[in-house]
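The values are calculated or read from the model by the stated rules, or taken from the named source; none is laboratory data. As the structure is a computational prediction, the values presented were derived from the model and not from experiment. Here Cβ is always computed from backbone atoms with ideal geometry, including for glycine, and neighbour counts include all displayed protein chains. Heavy atoms of the whole protein, side chains included, go into the accessibility calculation; ligands, DNA and RNA do not. Shrake-Rupley method; radii C 1.70, N 1.55, O 1.52, S 1.80 Å.
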Amino acid sequence: PRVALDEAPSPTKRGALRLIYSASDDYGLVSITAVIRRSDVSLKETITYEIPLSGTNLKKVNADSFRDLTPHPWAGLPVQLTLIAKDAAGNRGESDTHSFRLPERTFSHPVAKEIVAARKTLMANPEINRLGVVDDLGSIAWKPTRYNDDKVVFMALHTAARRLRKESY
């Protein structure tokens, strides 16, 4: 089977990941899978999902796919995407690997922006950045007027910081 991205991965207006791709096979396509890996760290963890096909044993596909990955911890970080096609005979083919930044939600509230920045820092290198993020979350938590003295926000920030501190021992 052959599979390729026809355009670079891109975000939609609402932040979903849009993939425009084509695939073909003489036996008929059974599945197409998207595999996303972090590009800036050597982690074995991946985001993997099936791209629905519009029929069974299709010989040729030209389509686009949408997937909302904005809630994922990697949102906003550099990643690499490979498509994998499988045919009815059990063969598989891979697309070229494409590097891009995983779409993310945009926030306008300054505290939300700081929390997202802390998440990105943590995800960039958890072992090295964990204690710095603990300090960042603590700093945000101890300025409750910035988030309208919301006790739930305070408790969430405080709990997150304590969990991160505990895991660093």
Practice problem: Considering (1) within 22 Å of residue 120 (Cβ to Cβ); (2) more than 21 Å from the chain's Cα centre (by Cα), say which one residue 26 fails and leave the rest. | Solution: (1)
Practice problem: Could you tell me whether any residue of the stretch 140-160 is open to solvent by 30 Å² or more (accessible area, probe 1.4 Å), within 20 Å of the chain's Cα centre (by Cα) and of a type in the set (S, T, N, Q)? | Solution: no
Quiz item: Wholly within the stretch 54-102, which strands (runs of 3 or more DSSP E) include no fewer than the required count, namely at least 1 residues that are under 14 Å from the mean Cα position of the chain (by Cα), surrounded by 14 or more Cβ atoms within 10 Å (Cβ to Cβ) and touching a residue at least 60 places away in the same chain (Cβ under 8 Å)?
Solution: 78-87, 98-101
Quiz item: How many residues are in contact with a Leu (Cβ under 9 Å, 6 or more places away or on another chain) and of a type outside the set (A, V, I, L, M) when one looks only at the stretch 7-33?
Solution: 12
Exercise. Any chance you could count how many residues in the stretch 103-124 are in a helix (DSSP H, G or I) and surrounded by 13 or more Cβ atoms within 10 Å (Cβ to Cβ)?
Key: 13
